[in-house]
Amino acid sequence: MYCARPFILVLVLATGVFAGQATLAKDCKDGDAPQPHHVGNFNFLTSSWVETVDNMRRYVSCVSNLDPNSDLMVTWYIAGPFHSYVPATEEAKTPRMSDDVNPRPIDGCIEYGQSGERTPAQFMGTARDEERNDKDDFCKQGGMAKQASSGDGQLPAKGWADEVRLFFPSDPDNPHDTMLEVVGKIGISTEGASQFKTFFSYSAKQYKGRPKGNIDDVKVVPRFPDQEEFFASAFYAANKDSVPLSADGAVDWTVRGNFGRWEPVPAYYEFRDRKGRLLSAIPMPLFGEARK
């Protein structure tokens, strides 16, 4: 049985080209109601937006680091990014797949910097995002963000694919010099009404001007907050262990289930160092058995 170490964030929630593919089309400044944050020595911008992809919705959150000299570490509760760095003058976008077709503004919370300070940050979210945000009130107390989904959608007939780009250090004790950049695609390819293939194809390299980043020090580990045993069994049938990060790699596995109804469920890939320390995480588009 698969067991993962506890982690303070349970994500909300995300090779080939599908008709249902979404792309990272906007910049932070072009999102809905961009919000500048001038807090202490930090200077960054947040925004979010929602895109229609067939009968699904793509919820995107974006953080832009406006500081020309310093990297920014952020966790935007529920929306994402999650425990990720945004290098100086860069942007980090986090796409999430949902079947909730009624987005609404949510008064969320973002944690920034190494000391864990927090400030309000509104984002476009789902009904369950709103429910969880109201319950935990992240800017007043710690909490665990959980997947938000609604509706009774089936597996998307055309599949789903998203572009991802994220930054994290291979050594959290020396984040500036060991910063890595990972770019890729993540999604699912539907294979009938009861089966789909989940994929994550990527390339990884040292971030520009950061000479000490070591790809070989990083591994990719799945995390399944819901229906853990079911998904872990499917993942490890195709992958005997955690997957070492490489310059060009792919993680593929198949999910099968004779369910009357499917729905999006929370899942993500963690990036961990040789000591098992969390470096970053990204949402993994995934469907499981619908709740009763």
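The values are calculated or read from the model by the stated rules, or taken from the named source; none is laboratory data. No experiment lies behind these values; they were computed from the predicted model shown. Note that each Cβ is placed from the backbone with ideal geometry, even for glycine, and that neighbours are counted across all protein chains shown.
Before moving on, here are some points about what is shown:
- Matching residues, the range 265-292, being within 14 Å of the chain's Cα centre (by Cα), assigned to a strand (DSSP E or B) and over 18 Å from residue 171 (Cβ atoms): 268, 269, 282, 283
- Just so you know, in the range 156-170 the residues that are assigned to a loop (DSSP other than H, G, I, E, B) and surrounded by fewer than 20 Cβ atoms within 10 Å (Cβ to Cβ) include one that is modelled with the lowest pLDDT, and it is 157.
- Scanning the range 76-105 for residues that are assigned to a strand (DSSP E or B) and over 22 Å from residue 158 (Cα atoms) gives 76, 82, 84, 85, 86, 91, 92, 93, 104, 105.
Table: residues versus (1) modelled with pLDDT of 95 or more; (2) out of contact with any strand residue (DSSP E or B) (no Cβ under 7 Å at 6 or more places or on another chain); (3) buried (at least 22 other Cβ atoms within 10 Å of the Cβ); (4) β-branched (Val, Ile, Thr).
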| site | (1), (2), (3), (4) |
| --- | --- |
| 257 | no, no, no, no |
| 270 | yes, no, yes, no |
| 284 | no, no, yes, no |
| 287 | no, no, yes, no |
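- Sole exception among (1) in a loop (DSSP other than H, G, I, E, B); (2) in contact with a Ser or Thr (Cβ under 6 Å, 6 or more places away or on another chain); (3) among the acidic types (Asp, Glu) for residue 226, by number: (2)
- Consider the range 31-68 and keep the residues that are modelled with pLDDT of 95 or more and not in a strand (DSSP E or B). The one that is farthest from residue 120 (Cα to Cα) is 68.
- Test result for residue 242, out of contact with any Pro (no Cβ under 9 Å at 6 or more places or on another chain) and among the hydroxyl-bearing types (Ser, Thr, Tyr): no
- Screening the candidates 185, 197, 205 for the property of being part of a strand (DSSP E or B) and within 15 Å of the chain's Cα centre (by Cα) yields one hit, 185.
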